[in-house]
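Below is one structure, written out as structure tokens; comments come after it.
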Amino acid sequence: MAGNWLKQSFVFIILVLLQVLVFNHISFLGYATPFLYIYFIIKMPIGINRNLVLILAFLLGFTIDIFCNTPGQNAAAAVFAAFMRRPVQGLFFAREDFEHFIPSIPNLGMAFMKYTIVIVFIHNLALISISSFSYLNFMTILLRVLSSTLLTSILIYAIEGFSIKKKRA
């Protein structure tokens with residue numbers, strides 16, 4: 001159990017550093033920005049206490065906000081995504097899946113991919129809506145949300161692909 005928390009802490013730190021130092025500086029065609037730190041929330045064990053998920057999501061988002069000088073934007077979006085995590089899991093996972101295993105492609109297959117897209121979309125919709133602070137340019141916001149969701153999901157699937165190959169080796 002302690003080894004799992006140590007691993008989760010390491011993943012937390014790595015994702016924060018990657019987001020702050022690399023991914024926040026990427027803007028594909030001026031619209032898509034990968035928000036890979038949401039991967040931490042997606043990969044939390046399914047049966048974990050909901051309050052703990054919300055606290056960890058807040059800490060994750062708040063840490064990103066501190067480094068990026070975005071007052072509460074990432075924290076709010078991460079907490080909202082964490083709050084919606086359990087209902088989204090109920091849409092794609094069977095009741096027997098609600099154990100203490102970590103969601104992944106080998107465990108859940110296509111359901112994991114759908115779950116990832118929905119959580120990333122929810123997070124990006126909240127984050128980009130908060131940062132835009134207006135819906136006057138609705139089509140631009142929608143384009144940013146969809147392109148960022150696509151780019152973030154592709155990166156998450158790439159990471160999952162590496163973990164599948166590592167387990168087979």
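The values are calculated or read from the model by the stated rules, or taken from the named source; none is laboratory data. Note that the coordinates shown come from a computational prediction; the quantities given were computed from them, not determined experimentally. Cβ atoms come from the backbone with ideal geometry, glycine included; neighbour counts cover every protein chain shown. Protein only, heavy atoms only, side chains kept; ligands, DNA and RNA dropped before computing areas. Shrake-Rupley method; radii C 1.70, N 1.55, O 1.52, S 1.80 Å.
Could you check the range 25-44 and list, in sequence order, the residues that are open to solvent by less than 60 Å² (accessible area, probe 1.4 Å) and over 12 Å from the mean Cα position of the chain (by Cα)?
First, the residues of the range 25-44 that are open to solvent by less than 60 Å² (accessible area, probe 1.4 Å): 30, 32-44.
Within the range 25-44, Gly30, Ala32, Thr33 qualify.
Report whether or not Ile141 is within 16 Å of the chain's Cα centre (by Cα) and either surrounded by 13 or more Cβ atoms within 10 Å (Cβ to Cβ) or touching a residue at least 12 places away in the same chain (Cβ under 8 Å) (or both). Considered against the rule, which asks whether it is within 16 Å of the chain's Cα centre (by Cα) and either surrounded by 13 or more Cβ atoms within 10 Å (Cβ to Cβ) or touching a residue at least 12 places away in the same chain (Cβ under 8 Å) (or both), Ile141 comes out as no. For Leu150, state whether it is open to solvent by 80 Å² or more (accessible area, probe 1.4 Å) and touching a residue at least 24 places away in the same chain (Cβ under 8 Å). Criteria met by Leu150.
Does Pro87 qualify as being exposed (fewer than 14 other Cβ atoms within 10 Å of the Cβ), over 24 Å from Val16 (Cα atoms) and modelled with pLDDT of 90 or more? Here the answer is yes, as Pro87 does meet what is asked. The listed residues are Ser129, Ser153, Ser134, Ser148, and the only one of them that is farther than 29 Å from Gly47 by Cα, within 17 Å of the chain's Cα centre (by Cα) and of a type in the set (Ser, Thr, Tyr) turns out to be Ser129.
Would you check if there is a residue in the range 22-33 being without any contact (Cβ under 8 Å) to a residue 60 or more places away in the chain and among the aliphatic types (A, V, I, L, M)?
Yes, because at least one residue in the range 22-33 is without any contact (Cβ under 8 Å) to a residue 60 or more places away in the chain and among the aliphatic types (A, V, I, L, M).
When Ala77, Ala94 are checked against the criterion of being small (Gly, Ala, Ser) and at pLDDT below 90, Ala94 stands alone in meeting it. Count of the range 112-167 residues, restricted to those that are in contact with a strand residue (DSSP E or B) (Cβ under 8 Å, 6 or more places away or on another chain) and of a type in the set (A, V, I, L, M), is 2.
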